[in-house]
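First the structure, in the form of structure tokens, and then the observations on it.
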Amino acid sequence: MSLSKNLVAFALLVLAVLSRFLPHLPNFTPVLAISIFGGVYFSNRWLAIALPLGIMLISDLVIGLHDMIPVIYGLFVVYAIVGIKLKDRLGVGSLAIAGFAGSVSFFVITNFFVWLTSGMYTLSGQGLVECYIAAIPFFKYSLLGDFTYVSVLFGSYYLLEKNGFVASTQAA
């Protein structure tokens, strides 16, 4: 019996979304993985881009809105586009590179904007360095979360597909 590829992809994503509301380590979230996953498996590009934005908006309305929304949401659009571009070259190596590059870019870009806009640091080279140093403890959780969720989402989908539970590699 083959399940609908759309149903399987949706179920995997729902589980990942729900995990945002469970107690977790700082920055240990599934949204980067969801962005890449949607880009790879959804044939509808707009859905692939809208999905992480919808997830973030719904969860931010519950968790709390913040000043970094344009930067963070913009990054998740980029990660969905990376997934779209990765579709034809999907493999363990390309996923590892995309996940690692996503984690690093998220760290570099979001902390730059924290330094630039938060008022917590002087707008100098020293303030920028202090901002990045203060963020290092959170970076390990981002890496671990992105590695975990990319592995779980893509690995689960691959196993379901390989075992005949999913008909093909393209969803929605």
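Among all residues of segment 61-74, there is none that is of a type outside the set (A, V, I, L, M, F, W, C), under 17 Å from SER151 (Cα atoms) and surrounded by 13 or more Cβ atoms within 10 Å (Cβ to Cβ). Residues considered: ILE34, ILE49. Of these, the only one that is more than 25 Å from ILE136 (Cα to Cα), at pLDDT 90 or above and out of contact with any Lys or Arg (no Cβ under 8 Å at 6 or more places or on another chain) is ILE49.
Residues being part of a helix (DSSP H, G or I), small (Gly, Ala, Ser) and free of Cβ contacts under 8 Å to residues at least 12 places away in the same chain: count how many of those fall in segment 76-95. Residues flagged as part of a helix (DSSP H, G or I), small (Gly, Ala, Ser) and free of Cβ contacts under 8 Å to residues at least 12 places away in the same chain within segment 76-95 amount to 2. In summary, GLU130 fulfils each of the numbered conditions (1) in a helix (DSSP H, G or I); (2) open to solvent by 60 Å² or more (accessible area, probe 1.4 Å); (3) at pLDDT below 95 with the single exception of condition (3). Specify the residue that is farthest from the chain's Cα centre (by Cα); the eligible residues are those in segment 97-117 that are free of Cβ contacts under 8 Å to residues at least 24 places away in the same chain and open to solvent by less than 60 Å² (accessible area, probe 1.4 Å). Per the criteria, the residue is TRP115.
Look at LEU15 and say whether it is open to solvent by less than 70 Å² (accessible area, probe 1.4 Å) and either of a type outside the set (Phe, Trp, Tyr) or under 23 Å from GLU161 (Cα atoms) (or both). In short, no.
Can you spot a residue in segment 57-76 that is touching a Leu at 6+ places or on another chain (Cβ under 7 Å) and either closer than 20 Å to SER35 by Cβ or among the acidic types (Asp, Glu) (or both)? Within segment 57-76, one or more residues are touching a Leu at 6+ places or on another chain (Cβ under 7 Å) and either closer than 20 Å to SER35 by Cβ or among the acidic types (Asp, Glu) (or both). Scanning segment 133-147 for residues that are surrounded by fewer than 16 Cβ atoms within 10 Å (Cβ to Cβ) and either polar (S, T, N, Q) or outside any helix (DSSP H, G or I) (or both) yields a total of 0. Among the residues of segment 118-127, just one is part of a helix (DSSP H, G or I) and either touching a residue at least 40 places away in the same chain (Cβ under 8 Å) or open to solvent by 60 Å² or more (accessible area, probe 1.4 Å) (or both), namely GLN126.
Does VAL77 qualify as being within 30 Å of ILE136 (Cα to Cα) and open to solvent by 30 Å² or more (accessible area, probe 1.4 Å)? Even if it seems obvious, please write down each step before you answer.
On the way: within 30 Å of ILE136 (Cα to Cα): yes; open to solvent by 30 Å² or more (accessible area, probe 1.4 Å): yes.
Judged against the criteria, VAL77 is a match.
Of all the residues in segment 41-75, those that are in contact (Cβ under 8 Å) with a residue 60 or more places away in the chain and part of a helix (DSSP H, G or I) number 2.
The values are calculated or read from the model by the stated rules, or taken from the named source; none is laboratory data. All of these numbers come straight from a predicted model, not from anything done at the bench. Glycine gets a Cβ as well: all are built from the backbone with ideal geometry, and neighbour counts include every protein chain shown. For accessibility, only protein heavy atoms count, side chains too; no ligands or nucleic acids. Shrake-Rupley method; radii C 1.70, N 1.55, O 1.52, S 1.80 Å.
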